[in-house]
Every structure is written in C-alpha cells, then in structure tokens.
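What follows is a set of notes on a single structure, which appears directly below.
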Amino acid sequence: MGHAQQRQPMTAADYLDWEETQEQRHEFVAGEVFAMAGAEDWHVTVAGNIFVALRQHLRGGPCQTYISDMRLQVEAANAYFYPDVMVTCDAADHASRRFKSNPVLLVEVLSDSTGHYDRGDKFAQYRRIASLREYMLVDIARRATDLYRKGADGLWVLHPFAGEEAVVLASVGLELPARDLFADVEPPTEERP
C-alpha cells in the first residue's frame with residue numbers, strides 16, 4: 001500500500017468526488033487516502049490474462065468481470081480498493097457506475113511492495129464482504145496461486161496451486177490452466193539477483 005496522502009480524515013463521499021479528479025489512483029481506508037504505485041509489465045500481463053479468461057467464460061451470463069480501474073467498496077470497513085480483477089453477479093452492482101460492492105471473486109497479483117498487505121490487512125478487509133466466495137493471490141515469481149475459498153461454514157480455506165496445475169475457481173465455474181494464467185510471462189530463473 002502507498003503512503004498516506006493527507007493528514008485530515010476524508011469522508012467516503014468526499015473521497016469519491018476527489019478521486020474522480022485525480023490522474024493517479026488512490027485507495028481509501030477509514031478516512032485515509034493512499035496512492036497506488038504503478039505495476040510492472042508481468043503484473044499487468046497476468047492480471048490481463050485472468051480478466052480475459054473470466055470475461056470470455058462469463059460473457060452473456062449474469063456475472064460481470066472488471067479490471068483494476070474499477071473501485072470496490074468494502075462498506076463494513078469504510079474503504080475503497082482497486083483489486084486487479086473482480087467478478088460480481090449482483091444486479092445492484094451492475095447498476096452502480098462508480099464502484100462495486102458485492103463481488104464473488106477478487107484477484108490480486110502480488111508484487112514485492114504489496115504482497116504482505118494483500119495477504120494480510122487487505123484480505124482482512126475483503127473478508128468483511130458477505131458476497132465474497134473466493135480470493136485469488138497470484139505469485140508470479142513462484143509461478144503459484146493461493147486461492148482462499150469460503151466454505152458453507154463461513155471459514156476460509158487455502159487451496160494452493162503451483163507449477164502446471166490449473167486453478168479451479170468454483171465461484172464462477174472456471175478451470176484456469178497455468179499456461180493461460182502465465183501466458184506471455186517468462187518462467188522465473190533459478191537465481192534471482
């Protein structure tokens with residue numbers, strides 16, 4: 001997560017109006033605004049691969065897929081985020097043009113600067129969304145995916161995928177092959193500098 005941009009707390013309504021005038025995207029958590037850093041090319045490529053696969057799979061149905069420029073409202077946390085990819089099947093979300101509130105699937109592609117936050121505090125906020133069924137974290141360096149799925153008992157269970165395993169997204173009925181997930185991204189080298 002970026003650095004806080006101001007000291008005075010902002011209301012959610014003020015944030016939405018202010019954000020419309022900004023060139024850079026900002027997330028909002030409980031009155032504080034955080035600038036989002038730009039992403040590296042592999043990050044954008046993997047997020048795009050996921051978006052395309054979901055969009056093609058869900059086309060013509062009740063669910064819509066959105067990529068990183070669409071805001072997600074987490075009302076219970078008084079927060080707005082920009083997940084890399086999200087899917088919502090909610091009619092109220094389809095009518096809302098500024099943000100979505102009831103996703104069934106959220107995806108974050110991890111980076112060195114955001115990985116701990118995406119796995120920790122951000123996931124804690126995302127778990128407050130009643131409609132959310134799955135949270136997918138893609139680690140490009142490890143060529144692995146950690147998928148958290150909410151069970152009928154309300155507990156979140158980790159389903160890890162690695163190597164050539166396909167990621168199974170039960171929330172949307174899609175099996176995403178690793179070759180499609182990591183298309184146009186070179187395999188990691190044995191040694192990292």
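Side notes on the structure shown:
- Stretch gain in nm, segment residue 92-residue 112, where the contour uses 0.36 nm per residue and the Cα spacing is subtracted: 3.7 nm
- Among 112, 69, the sequence by solvent-accessible area, most first, with a 1.4 Å probe is 112, 69.
- In terms of its C-alpha gyration tensor, region 117-179 comes out oblate, because a/c is 1.5 or above while a/b does not outweigh b/c.
- Remark: spin-label model distance residue 184-residue 157 equals 3.6 nm, labels positioned 7 Å along the Cα→Cβ axis.
- For 89, 63, the ranking by accessible surface with the largest value first comes to 89, 63, using a 1.4 Å probe.
- With contacts taken as Cα pairs under 8 Å at a separation of at least 6 residues, region 50-98 carries a relative contact order of 35 percent.
- Counted charge near residue 149, where neighbours are those whose Cβ lies closer than 9 Å (Asp, Glu -1; Lys, Arg +1): +1
- Accessible surface comparison of 23, 134, 175, probe 1.4 Å, protein chains only, largest first: the order is 23, 175, 134.
The values are calculated or read from the model by the stated rules, or taken from the named source; none is laboratory data. What you see is a predicted model, and the numbers here were worked out from it, not measured in a lab. FYI the Cβ positions are ideal-geometry reconstructions off the backbone, even for glycines, and counts take in every protein chain you see. SASA here: full protein model, heavy atoms, side chains in, ligands and nucleic acids out. Shrake-Rupley method; radii C 1.70, N 1.55, O 1.52, S 1.80 Å.
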